[in-house]
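Input: a single structure, listed below in structure tokens.
Bear in mind that the values in this text are calculations on the coordinates, not laboratory data. Please read all numbers here as calculations on a predicted model, not as lab measurements. Every residue, glycine as well, gets a Cβ built from its backbone with ideal geometry; the counts of neighbours run over all protein chains shown.
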Amino acid sequence: MLNRVIREFGLELQSINEVEDSHSSTVYRCTLLKGENVFLKIPFTKLKFQRELEAYEILKGSVSIPDLLDYWPGDDECSGAFLLSELKGTPLTTKVSPTIAFQVGVLQAEMHNIHHPEAKELKGIQNEFANWSDFVEKQFYSFAEDVKDVLDPRLYKQAIEKFEKMKHQLPAPDGPSFVHMDFRPANIIVGDQNVAGMIDFESVRFGSTEIDFTKLYRDFLRFDSALYSSFKDGYKSIRPLIDLDIVLPFYQFTDAFNSIGWCKRRGLEKNALFLEENLVRLKGFLQ
């Protein structure tokens, strides 16, 4: 399939290497004969391909993202493929300055300022905002079918009861905004002391901004109060910021729960470390 995609794009390559930490697509970093780096991305499903394609159309010119150089809609054997430019840099880490954290806040707020294009019919990106609570609940109970096979029955019952209690304490949703759904350090590229942009749009929706802070807080913001403060300042320089102290506990809890279900679907042994991290997190929320 890879050779087929290379032929479709007419690429002449020096080298090609698969990119790690890509969970919803197969991604390759390619060096062309002329020395330029590009990325080949093959989504796992047609729906993920369509979402990504529409995201590039919607975000272009408004948020810093790779250039969509070309795409192939696929066939009966392949969901499709993208040829993307390189954002120069490396994924975000906690070893950055408050200035970078400020820029991450700006980047996310610029994305959240994008609203559903009423004049454009979207086939891949769903608008979940009107039924946001139903969307969150559907996601939770979908993963619950997998979590049930992993958790002790007593813990599982506790988790279900906690979800039902916490969901009624949420404020009105903030949106409808373009939400990434996987806004985490691995998808935020930093280079030359500046945020270069963000990548990966297979899971995007139009919905409430509240869900998009979860993974960024889990993997980045919670480790350093100075970075967290700068991030919030950056975000608020573009648009109002919801009260994260109210919404984060609910979404941190559901993220830990849903991640356990994700590990069950993708393989418990293969994702043993991530599974253990989320089991610890979930038990902490249930204490």
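The figures follow:
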read-out: Share, in percent, of DSSP beta bridges within region 91-286 that are antiparallel, nearest 5; value: 90
read-out: Additional length obtainable on full extension of the chain from THR90 to ARG222, 0.36 nm per residue less Cα span; value: 45.5 nm
read-out: Rounded to 10°, Cα long-axis angle of helix 244-266 versus longest principal axis of the chain; value: 60
read-out: Along each principal axis, Cα extent of the chain, largest first, Å; value: 57, 43, 42
read-out: Across LYS41/LYS215; LYS41/LYS162; LYS138/LYS264; LYS60/LYS88; LYS41/LYS120, pairs whose alpha-carbon gap is larger than 29 Å; value: LYS41/LYS162
read-out: Proximal charge balance of GLY175 [Cβ under 12 Å; K/R count +1, D/E count -1]; value: -2
read-out: Ascending count of other beta-carbon atoms within 10 Å, so fewest first, for ARG265, ARG205; value: ARG265, ARG205
read-out: Residue-averaged 222 nm ellipticity for the chain, from DSSP H runs of 4+ at -39500 (n - 2.57), nearest 500; value: -13500 deg cm²/dmol
read-out: Helix 153-166 axis, angle to the chain major axis (alpha carbon atoms, nearest 10°); value: 90
read-out: Counted charge near PHE143, where neighbours are those whose Cβ lies closer than 13 Å (Asp, Glu -1; Lys, Arg +1); value: 0
read-out: Theoretical FRET efficiency, 1/(1+(r/R0)^6), r = Cβ-Cβ of LEU11 and PHE274, R0 25 Å, to 0.05; value: 0.15
